[in-house]
Amino acid sequence: MLGAILGDMIGAPYEFDRSPKVKEFPLFSRGTKFTDDSVMTVAVADALINVNDGADDTGIKKALVDSMQKWGHRYPNAGYGGMFYRWLRTRNPKPYGSYGNGSAMRVSAAGWLYDTLEETRRIARLSAEVTHNHPEGVKGAEAIASAIFMARMGRSKDEIKAFIVREYGYDLTRTCDEIRPGYHHVETCQQTVPEALTAFLEGEAFEDVVRTAVSLGGDCDTLTCIACSVAEAFYGVPEFMRIECLRRLPEDMAGVIEEFEKKRK
């Protein structure tokens with residue numbers, strides 16, 4: 001989960017097509033700060049670590065909605081999209097058919113907390129369906145949670161890639177050099193998840209995944225958030241980056257991360 005938040009923070013200054021389109025840039029600056037991606041990543045984690053054991057789908061979805069609204073109200077100016085912002089402020093909110101990349105950027109906790117790939121995919125699906133119940137929104141969340149699960153279980157990049165292509169049909173044939181020149185700001189799962197996975201697959205270490213993802217541009221905070229959520233499970237997070245991340249988070253968000261790490265261990 002920390003990887004996702006780091007990706008969000010480091011990508012944030014380069015959102016809206018402000019990426020330098022190269023891998024050489026300052027990792028941390030005054031503009032390095034969390035956005036809605038981190039808030040909702042924490043919200044999903046908070047729900048999943050506190051929901052009652054044995055809760056059914058309805059109970060898990062209620063916990064997710066309550067937590068997302070709680071954290072959204074706590075941090076109302078984090079940069080939410082218009083439809084999601086209205087959802088946050090609605091009593092008894094309903095899913096609205098979105099296929100935006102928000103379902104994939106907030107799902108990382110689901111990839112860490114469960115013992116089987118089947119359960120991981122189920123929880124990822126539920127986490128998407130409370131808002132992003134379009135098949136592409138659900139697919140994006142399931143694919144990323146599955147990649148995280150496989151990475152933490154020691155599966156190779158080739159195995160992860162083959163599974164994602166087989167189960168979800170994403171095109172992972174392009175290289176980052178092929179994606180980079182024409183890639184622009186887009187907020188759909190269809191045009192963010194494959195690019196984020198490609199950055200992970202090409203990266204040679206956690207920091208290199210960060211730099212590769214940012215160099216692609218586009219919706220840079222979300223793309224880097226997604227790529228680094230998988231990279232954390234595969235490589236771990238360098239200690240200096242962990243320290244930089246935690247010191248940029250408010251106490252309540254850092255507290256959920258601490259609780260989450262105890263739970264997953």
**Request:** Report the residue count in region 41-88 for those that are in contact with a strand residue (DSSP E or B) (Cβ under 7 Å, 6 or more places away or on another chain) and surrounded by fewer than 13 Cβ atoms within 10 Å (Cβ to Cβ).
**Result:** 0
**Prompt:** If you go through region 206-224 one residue at a time, how many are crowded, with 24+ Cβ neighbours inside 10 Å and within 16 Å of the chain's Cα centre (by Cα)?
**Reply:** 11
**Message:** Which condition from (1) of a type outside the set (A, V, I, L, M, F, W, C); (2) under 30 Å from S215 (Cβ atoms); (3) surrounded by 15 or more Cβ atoms within 10 Å (Cβ to Cβ) is the one that E24 breaks?
**Reply:** (3)
**Request:** Report those helices (runs of 4 or more DSSP H) wholly inside region 201-254 carrying at least 1 residues which are touching a His at 6+ places or on another chain (Cβ under 8 Å) and free of Cβ contacts under 8 Å to residues at least 12 places away in the same chain.
**Result:** none
**Prompt:** For region 82-96, does any single residue satisfy the condition of being under 17 Å from the mean Cα position of the chain (by Cα), free of Cβ contacts under 8 Å to residues at least 60 places away in the same chain and either within 23 Å of I226 (Cβ to Cβ) or in a loop (DSSP other than H, G, I, E, B) (or both)?
**Reply:** yes
**Prompt:** Does K33 qualify as being assigned to a loop (DSSP other than H, G, I, E, B), touching a residue at least 12 places away in the same chain (Cβ under 8 Å) and of a type in the set (K, R)?
**Reply:** yes
**Prompt:** Out of region 92-113, which residues are basic (K, R), closer than 16 Å to A143 by Cα and surrounded by fewer than 22 Cβ atoms within 10 Å (Cβ to Cβ)?
**Reply:** none
**Request:** Select from region 11-26 the residues that are within 26 Å of P76 (Cα to Cα) and in a loop (DSSP other than H, G, I, E, B) and list them in ascending order.
**Result:** E15, F16, D17, R18, S19
**Asked** Pick from region 152-186 the residues that are in a helix (DSSP H, G or I) and of a type in the set (D, E): which of them is farthest from D208 (Cα to Cα)?
**Response** E167
**Fill in**
Restricting attention to region 172-205, the residues that are over 19 Å from the mean Cα position of the chain (by Cα), closer than 27 Å to L117 by Cβ and among the charged types (D, E, K, R) number exactly 2
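Scan E167, E142 and give me the residue that is crowded, with 22+ Cβ neighbours inside 10 Å and at pLDDT 95 or above.
Values: E167 fails: crowded, with 22+ Cβ neighbours inside 10 Å.
Result: E142 is the single residue among E167, E142 that is crowded, with 22+ Cβ neighbours inside 10 Å and at pLDDT 95 or above.
The values are calculated or read from the model by the stated rules, or taken from the named source; none is laboratory data. Treat the numbers as computed from the prediction; the structure is a model and nothing was measured. Don't worry about glycine lacking a Cβ; one is built from the backbone with ideal geometry, like all the others, and counts go over all protein chains shown.
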